[in-house]
Amino acid sequence: QALVGGGYALFFHHATANVGVDQTDAGVASQWWKSCDEALARQLGPAAASDAEIDNVRAFFATSGVQVSELYASEFCRARQTAEGFGLAAPAIGLPSLNLHVYPEAMRCGDALSSLNAQPAAGTNIVYVGHAQYQQPCPNLDGLVPGQAAIYKPQLGAPTRFVGHVNSAGWAQLP
């Protein structure tokens, strides 16, 4: 119910992506991570798993009255497709600081947590779709499973406050 009133940031791990392999040695110039080609980067699949994770979240947003004013995703195809699959009115905007492997990895956790402290427009929430593997411990984001979200309450002048986790099937149980 609190999400209906807005004021939250939701960070989702992209849906199951186990088709293909990330070609991390291809170099930054190739921008391999933006490709939807499984020969260059892991993609969503198998359909049964990734579709169910995305469908559960989409159904929640479609029926709950929860409004989303901003939608950010890693530049990886699998994150963009997950974000777009949620069926939100806000278009998915690529946010490089959510990327895995590509940019300074040591800063990714801090950058993500800083982003999660952005204040959403009144009565709305902000959704982020990224990755959950970090080189260093990243409380509440590290270890998210595909389709799972970490919910935060942004705090003006203070670190964002972690509220809880919801797995993809758990959205159907929320009031």
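Every residue in region 1-30 that is part of a loop (DSSP other than H, G, I, E, B) and surrounded by 13 or more Cβ atoms within 10 Å (Cβ to Cβ), please. Step through it out loud before you land on a result.
Let us first name the residues in region 1-30 that are part of a loop (DSSP other than H, G, I, E, B), namely 1, 6-8, 14-16, 18, 20-23, 27.
Result: G6, G7, Y8, H14, A15, T16, N18, G20, D22, Q23.
Checking A73 against (1) closer than 27 Å to A158 by Cα; (2) surrounded by fewer than 21 Cβ atoms within 10 Å (Cβ to Cβ); (3) modelled with pLDDT of 95 or more; (4) touching a Lys or Arg at 6+ places or on another chain (Cβ under 8 Å), which single condition isn't satisfied? Unmet for A73, out of (1) closer than 27 Å to A158 by Cα; (2) surrounded by fewer than 21 Cβ atoms within 10 Å (Cβ to Cβ); (3) modelled with pLDDT of 95 or more; (4) touching a Lys or Arg at 6+ places or on another chain (Cβ under 8 Å): (2).
Flag set for S50, criterion: open to solvent by less than 30 Å² (accessible area, probe 1.4 Å), within 20 Å of the chain's Cα centre (by Cα), closer than 17 Å to A79 by Cβ and at pLDDT below 90. Here L95 fulfils each of the conditions (1) free of Cβ contacts under 8 Å to residues at least 24 places away in the same chain; (2) within 21 Å of S35 (Cβ to Cβ) apart from (1). For region 76-108, what are the residues that are open to solvent by 60 Å² or more (accessible area, probe 1.4 Å) and part of a strand (DSSP E or B)? Of everything in region 76-108, just one residue is open to solvent by 60 Å² or more (accessible area, probe 1.4 Å) and part of a strand (DSSP E or B), namely I93.
The values are calculated or read from the model by the stated rules, or taken from the named source; none is laboratory data. These numbers were taken from a predicted model, which means no experiment stands behind them. Cβ: placed from backbone, ideal geometry, glycine included. Neighbour counts: every protein chain shown. The area values use the complete protein model at the heavy-atom level, side chains included, leaving out ligands, DNA and RNA. Shrake-Rupley method; radii C 1.70, N 1.55, O 1.52, S 1.80 Å.
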